[in-house]
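The values are calculated or read from the model by the stated rules, or taken from the named source; none is laboratory data. Just so it is clear, the structure is predicted and the values come from calculations on it, not from any experiment. When we count neighbours, we look across all protein chains shown, and the Cβ atoms used for this are built from the backbone with ideal geometry, even at glycine. Surface areas here come from the heavy atoms of the whole protein model, side chains and all, with no ligands, DNA or RNA. Shrake-Rupley method; radii C 1.70, N 1.55, O 1.52, S 1.80 Å.
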Amino acid sequence: MIRPVSFSFNEETAGNNAFQIKTDVHNVQAKAREEFDRFVALLRKNGVNVTVLEDTPQPPTPDSLFPNNWISFHENETVILYPMYAPNRRAERKEHVLKEIDKQFKVANKIDLSYYEKNNLFLEGTGSMVLDRDNKIAYACLSPRTNKKVLDEFCKRMNYQPVIFTAVDNNGQPIYHTNVLMCVADKYVVICIDSIPDANEERMVIEEIEKTGKEIIDINYEQLNHFAGNMLQLINNEGEKLLVMSTQAYQSLTNEQIEKLSGYNRIIHSSLHTIEMNGGGSARCMMAEIHLPVLS
């Protein structure tokens, strides 16, 4: 997780992220930092090992607290860097972050896909893709930030099967990142089925999920707009599974949904209102989950 130093409403990403809403709140950076620190404290209180790195003031990176878009970590000791849509987000690939990962974890292979930026082709990490790591499936809704050619290269290099579809918000606009509409956990998938307008694609996505044996927990557009799709299942240092989300995502869920999810894992949530409004991302976007072996 990257502790922000210059968080703000990013004009370069707002064009295709309908979840971003510029607020009149003063001290947005200070409020975002408070929310970040409370979130990290909650994770640590619940036994999650969190590696926190401080962002640098230069170059300014207003979205740096969403690291999962530019980097991902994999069980086979691989680190992948991704091509980013917004020029000021490309500056998030900072050397001090990579060096710290190398110090703490075993990295045998680095794959740098950022060269696709030269051709204006993008794949923003586990924002663009929602990975079923157990079954090697990469779910991805196409958008200006998620290109099929780059996705195919990721899948070829990492031996994943792509499941590609189109998804739109309740105004009919393409959803910028797959991870706002779905979350894949060990035994279930939270997904907004209504966001897939094509009946054949909807059927295909449902069938692919059902083949994995995971239960589908469907959310509606109102819940999607409260970031109820932007969740991540983590495992703490005692082996307990936790489902992590923001407080507004949690409050949007029905009692029946909470009961179902709680049957699989404990739910923890933190208020991220300033970050969600100005950044257009939520809890899942703030965590780049590390599947690398720890160095002894």
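For segment 244-253, indicate whether the set of residues that are in contact (Cβ under 8 Å) with a residue 40 or more places away in the chain and either crowded, with 16+ Cβ neighbours inside 10 Å or among the hydroxyl-bearing types (Ser, Thr, Tyr) (or both) is non-empty.
Here is the first cut: in segment 244-253, the residues in contact (Cβ under 8 Å) with a residue 40 or more places away in the chain are 244.
Subset that is either crowded, with 16+ Cβ neighbours inside 10 Å or among the hydroxyl-bearing types (Ser, Thr, Tyr) (or both): 244.
Yes: one or more hits.
Take ALA140 and decide whether it is under 17 Å from the mean Cα position of the chain (by Cα) and hydrophobic (A, V, I, L, M, F, W, C).
yes
Conditions (1) among the small types (Gly, Ala, Ser); (2) surrounded by 18 or more Cβ atoms within 10 Å (Cβ to Cβ); (3) in contact with a His (Cβ under 9 Å, 6 or more places away or on another chain), marked per residue:
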| position | (1), (2), (3) |
| --- | --- |
| LYS106 | no, no, no |
| ARG133 | no, no, yes |
| LYS156 | no, no, no |
| ASN170 | no, no, no |
| ILE191 | no, yes, no |
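Just checking: which of the helices (runs of 4 or more DSSP H) contained wholly in segment 68-132 hold 3 or more residues that are modelled with pLDDT of 95 or more, at negative phi and among the hydroxyl-bearing types (Ser, Thr, Tyr)?
Values: elements: 87-90, 95-104, 125-128.
By residue number, no helices (runs of 4 or more DSSP H) qualify.
Let's see how each residue does on (1) touching a strand residue (DSSP E or B) at 6+ places or on another chain (Cβ under 8 Å); (2) of a type outside the set (Val, Ile, Thr); (3) at positive phi:
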site	(1), (2), (3)
ASN230	yes, yes, no
ASN236	yes, yes, no
GLN248	no, yes, no
LEU253	no, yes, no
GLU259	no, yes, no
HIS269	yes, yes, no
ALA288	yes, yes, no
VAL294	yes, no, no
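Output the residues belonging to segment 71-104 that are among the β-branched types (Val, Ile, Thr) and either open to solvent by 30 Å² or more (accessible area, probe 1.4 Å) or under 24 Å from ALA140 (Cα atoms) (or both).
Quick first cut of segment 71-104, residues among the β-branched types (Val, Ile, Thr) only: 71, 78-80, 97, 101.
Once the filter is applied, which keeps residues that are among the β-branched types (Val, Ile, Thr) and either open to solvent by 30 Å² or more (accessible area, probe 1.4 Å) or under 24 Å from ALA140 (Cα atoms) (or both), segment 71-104 yields ILE71, THR78, VAL79, ILE80.
Among the residues of segment 164-182 satisfying the criterion of being in contact with a strand residue (DSSP E or B) (Cβ under 7 Å, 6 or more places away or on another chain) and not in a loop (DSSP other than H, G, I, E, B), which is farthest from GLY125 (Cα to Cα)? Before the answer, list the steps.
Of the residues in segment 164-182, the ones in contact with a strand residue (DSSP E or B) (Cβ under 7 Å, 6 or more places away or on another chain) are 164-168, 174-176, 178-179, 181-182.
Retained after the next criterion (residues that are not in a loop (DSSP other than H, G, I, E, B)): 164-165, 168, 174, 178-179, 182.
Details: ILE164: 15, PHE165: 17, VAL168: 19, PRO174: 18, THR178: 10, ASN179: 10, MET182: 15 Å.
Per the stated criteria, the residue is VAL168.
Scan segment 203-239 residue by residue and report those that are among the charged types (D, E, K, R), open to solvent by less than 60 Å² (accessible area, probe 1.4 Å) and outside any strand (DSSP E or B).
Within segment 203-239, the subset among the charged types (D, E, K, R) is 203, 207-208, 210-211, 214-215, 218, 222, 238.
Right, trim to open to solvent by less than 60 Å² (accessible area, probe 1.4 Å) and you get 208, 214-215.
Scanning segment 203-239 gives GLU208, LYS214.
Quick one: would you say ASP63 is out of contact with any His (no Cβ under 8 Å at 6 or more places or on another chain), among the charged types (D, E, K, R) and at pLDDT below 95? Spell out the reasoning first.
Values: out of contact with any His (no Cβ under 8 Å at 6 or more places or on another chain): yes; among the charged types (D, E, K, R): yes; at pLDDT below 95: yes.
Here the answer is yes, as ASP63 does meet what is asked.
Under 6 Å by Cβ, and 6 or more places apart or on different chains, what pairs join a residue from segment 72-94 that is within 15 Å of GLU117 (Cα to Cα) with one that is of a type in the set (Phe, Trp, Tyr)?
Close Cβ pairs satisfying both conditions: TYR82/TRP70; PRO83/TYR116; PRO83/PHE122; MET84/TRP70; TYR85/PHE122; GLU92/TRP70; ARG93/TRP70.
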